[in-house]
Amino acid sequence: LTSWATAVRYKAVFSEAGGLGPGNAVTVSGIKVGTVSDVSLRNGDALVTFSVKGNILLGSETTAHIKTDTLLGARMLSLESAGSGTMRPNALIPASRTSSPYSLTEAVSELTTNTADTSTATLNQSLD
């Protein structure tokens, strides 16, 4: 009850939620400082609402990144505090300062694009 009463709530906009959901951890410098409370749609983007312990100060240019937390694929919200000022409660981190996880689909697509023009004859000769 005490941690809920002293927690500060913030929001962040992502181009995609990347598997993040309510209850996932929020970290700063690898230390758990809060939890994600809601993920919803906002004009085609993912709006993530999260809370952070009240004694954690975040800079005015803080960035947010969705990352993989466990080997089983659980997600977490990682914050990187930046900027000279401090974020106010309920502040919104815009999509320009957020990033979603690299998905397997994107990785395979990028690999296909990058290797499409590879000459297998030249590659075989190089390996020989």
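Structure above, values below:
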quantity: Total residues in segment 76-94, condition under 13 Å from Ala12 (Cβ atoms) and open to solvent by 50 Å² or more (accessible area, probe 1.4 Å); calculated: 3
quantity: Near pairs, Cβ below 8 angstrom, 6+ apart or cross-chain, from segment 73-85 (on the phi > 0 side of the Ramachandran plot) to any residue that is at pLDDT 90 or above and in a strand (DSSP E or B); calculated: Gly83/Gly59
quantity: Qualifying residue in segment 15-29 (condition: touching a helix residue (DSSP H, G or I) at 6+ places or on another chain (Cβ under 9 Å), open to solvent by less than 20 Å² (accessible area, probe 1.4 Å) and outside any strand (DSSP E or B)); calculated: no
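The values are calculated or read from the model by the stated rules, or taken from the named source; none is laboratory data. This is a predicted model, so every value here is computed, not measured. Cβ: placed from backbone, ideal geometry, glycine included. Neighbour counts: every protein chain shown. Ligands, DNA and RNA are stripped out before the accessible areas are found, and what is left, the full protein with its side chains, is counted by its heavy atoms. Shrake-Rupley method; radii C 1.70, N 1.55, O 1.52, S 1.80 Å.
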